[in-house]
Amino acid sequence: MEISIIGSGYVGTTIAACFADVGHNVVNVDIDEEIVETLNSGNSPIHEPGLDELIEEHTGDRLRATTDYDAILDTDVTFLALSTPSTDDGHIDLSVMEAGAKSLGATLAEKDDYHLVVTKSTVVPTTTEEVIAPILEEHSGKTVGEDFDVGMNPEFLREGSAVDDFLDPDKVVLGSHTDRAAERLRGVFDPLLERAPDASLVETGIREAEMIKYANNAFLAAKISLVNDLANICKEHEVDTDEVLDAIGLDSRIGSEFLGAGVGWGGSCFPKDVAAIVAAARDVGYEPAMLDAAVEVNDKQPVRMLDILRDHADPDGARIAVLGLAFKPGTDDVRNSRAIPLIDALLDAGADVVGYDPVATENFREKFSDIDYADSAESALDGADAALVVTDWDEFAALDDEFDAMADPVVVDGRNIVTRREGIVYESLV
């Protein structure tokens with residue numbers, strides 16, 4: 001099929017390359033000329049394992065980018081993959097989505113054939129039907145359900161494994177309100193489902209598809225916070241947390257996934273999506289106590305690292321190495337990284353902070369320009385009075401002799417990955 005994608009950010013770029021890989025002809029439409037030039041040169045504008053190879057393979061063949069919205073006229077379906085950041089009160093900011101929908105509507109005014117517009121961005125229930133569709137109608141002069149249709153296809157892409165998540169999904173969720181839209185949307189995903197026969201296909205309504213994404217992330221975020229709460233209790237009672245979590249993971253009703261206790265969740269999805277669904281709940285008069293508690297527990301986890309550090313070292317005037325600045329391994333994304341509130345607390349306590357991350361240093365430097373940065377974990381540890389492990393990069397799990405270069409080998413492990421041994425004072429969060 002001929003597919004257009006508006007937006008070449010993290011989601012838009014990933015799905016464009018993956019759609020091309022399953023055989024579709026794809027055009028990315030973006031207002032940023034530099035991003036368009038990067039894509040057309042066969043390079044990825046974002047750091048994501050496996051993405052560079054797909055873009056290099058398909059650019060100039062089944063994949064291209066442009067700033068010209070008229071490219072949409074030759075396609076069968078358009079995906080809106082634009083940012084929906086959080087506002088200060090937790091609601092999603094739809095201004096970029098609305099601007100994209102206006103430009104798309106104006107373009108569709110020139111198209112005679114039927115077209116399908118699919119929301120890929122994460123938006124609260126009713127957004128596609130009550131915000132996006134009316135904008136498209138107004139600016140195209142056409143009628144939804146007659147001249148064109150709208151649909152919803154939420155993404156479940158984890159940074160660091162997004163390509164694999166797309167090409168080998170647990171589920172594909174397709175939201176539509178007409179048989180014609182459902183048929184075209186299935187046509188988009190048929191080649192993927194043939195490649196990934198174990199994936200579950202969920203065909204549902206548009207607002208149900210919108211809610212599934214929020215429910216998915218809210219459940220996982222709450223599960224992590226519950227596990228961290230239990231792990232905190234275990235630590236206070238000197239109970240082996242790993243044994244407890246391993247045992248409950250054997251229960252088929254619970255499962256072993258997302259049972260890793262630690263410094264908490266961050267990134268662009270969990271914080272934004274939980275905040276948005278909490279705000280949406282309050283808009284209709286419902287108080288989501290469970291989700292409020294999940295956020296509260298998560299916010300406290302970085303502070304627990306500092307409390308544990310204080311049991312062994314006074315941070316005031318001490319050189320503290322923070323290992324891991326990205327919110328998770330495999331990405332250079334520092335949005336809502338747990339290192340941010342931790343370093344804020346360390347600086348407030350008078351610490352001299354040195355940070356290190358394999359790929360995220362430059363992005364983190366934009367948030368903290370006044371702390372020191374090391375070019376390796378070994379360099380960060382050299383002469384440090386304590387080390388705090390925030391991101392579970394494999395190279396941190398392999399650290400051993402490097403700790404001997406510390407002035408005082410105190411290690412507080414927020415991800416439970418460092419091997420305990422004689423010669424270091426080791427504390428984990430669990």
Exercise. Which of L388, L323, L250 moves the most in a Gaussian network model of the chain with Cα springs under 10 Å?
Worked result: L250
Exercise. For the stretch 14-50 and the stretch 360-397, what is the separation of their Cα centres, given in Å?
Worked result: 31
Seminar exercise, completed: GNM on the chain, Cα springs under 10 Å; top mean-square fluctuation among A387, A261, A109 goes to A109
Exercise. Pick from D179, D375, D30: which residue has the top mean-square fluctuation in a GNM of the chain where Cα pairs under 10 Å get a spring?
Worked result: D179
Exercise. Shape of the stretch 85-129 from its Cα gyration tensor (a ≥ b ≥ c, root eigenvalues): rounded if a/c is under 1.5, otherwise prolate when a/b > b/c, or oblate?
Worked result: prolate
Exercise. Is any residue of the stretch 257-281 close enough, with backbone N under 18 Å, to a label point placed 7 angstrom from the Cα of D292 along the Cα-Cβ axis, and if so, which?
Worked result: 274-281
Seminar exercise, completed: In terms of the alpha carbon gyration tensor, root eigenvalues a ≥ b ≥ c, rounded if a/c is under 1.5 and otherwise prolate when a/b exceeds b/c or oblate, the stretch 2-204 is rounded
Exercise. Using a probe of 1.4 angstrom, how much of the accessible area of the stretch 324-410 is carbon and sulfur, in percent?
Worked result: 37
Problem set entry | Total formal charge among the other residues, if their Cβ is under 9 angstrom from that of G175, Lys/Arg +1 and Asp/Glu -1 | -2
Problem set entry | Per DSSP, loop trypsin sites (Lys or Arg not before Pro) in the stretch 247-287 with at most 16 further Cβ within 10 Å | R253
Exercise. Exactly which chymotrypsin sites (Phe, Trp or Tyr not before Pro) in the stretch 95-170 are in a DSSP loop and have at most 16 other Cβ atoms within 10 Å?
Worked result: Y114
Exercise. If contacts are Cα pairs under 8 angstrom and at least 6 residues apart, what is the relative contact order of the chain in percent?
Worked result: 11
Exercise. Which of the residue pairs K120/K272; K235/K272; K223/K300; K300/K328; K213/K235; K328/K367 have a Cα-Cα distance greater than 26 Å in the structure shown?
Worked result: K235/K272; K213/K235
Problem set entry | Surface accessible to a 1.4 Å probe, per residue, for the residues of the chain, Å² | 43
Problem set entry | Once exposed loop GluC sites (Glu not before Pro) are cut out (DSSP; at most 13 other Cβ, 10 Å), longest piece of the chain | 1-109
For this session: Compute the separation of the alpha-carbon centres of the stretch 111-157 and the stretch 265-286 and state it in Å as a whole number.
Result: 23
For this session: Please report, in cubic angstrom per residue, the volume enclosed by the convex hull of the alpha-carbon atoms of the stretch 276-428.
Result: 118
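Could you give the size of the charge dipole of the chain about its Cα centre, using +1 on the Cβ of each K and R and -1 on the Cβ of each D and E, expressed in debye and rounded to the nearest 20? Don't jump to the answer; show the numbers that get you there.
Details: 31 positive and 89 negative charges, 221 e Å.
So the dipole magnitude of the chain works out to roughly 1060 debye.
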Exercise. So for the stretch 149-256, what percent of the C-alpha to C-alpha distances run longer than 20 Å?
Worked result: 55
For this session: Note the listed values (1) 163; (2) 300; (3) 149, then indicate which one is volume of the Cα convex hull per residue in Å³ calculated from this particular structure.
Result: (3)
For this session: Would you mind telling me the share, in percent, of accessible area of the stretch 2-204 contributed by carbon and sulfur at probe 1.4 angstrom?
Result: 41
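The values are calculated or read from the model by the stated rules, or taken from the named source; none is laboratory data. Small disclaimer: the values here were computed from a predicted structure and weren't measured. Heads up, the Cβs are rebuilt from the backbone with ideal geometry, glycines too, and the neighbour counts pull from every protein chain shown. Accessible surface areas use protein heavy atoms only, side chains included; no ligands, DNA or RNA. Shrake-Rupley method; radii C 1.70, N 1.55, O 1.52, S 1.80 Å.
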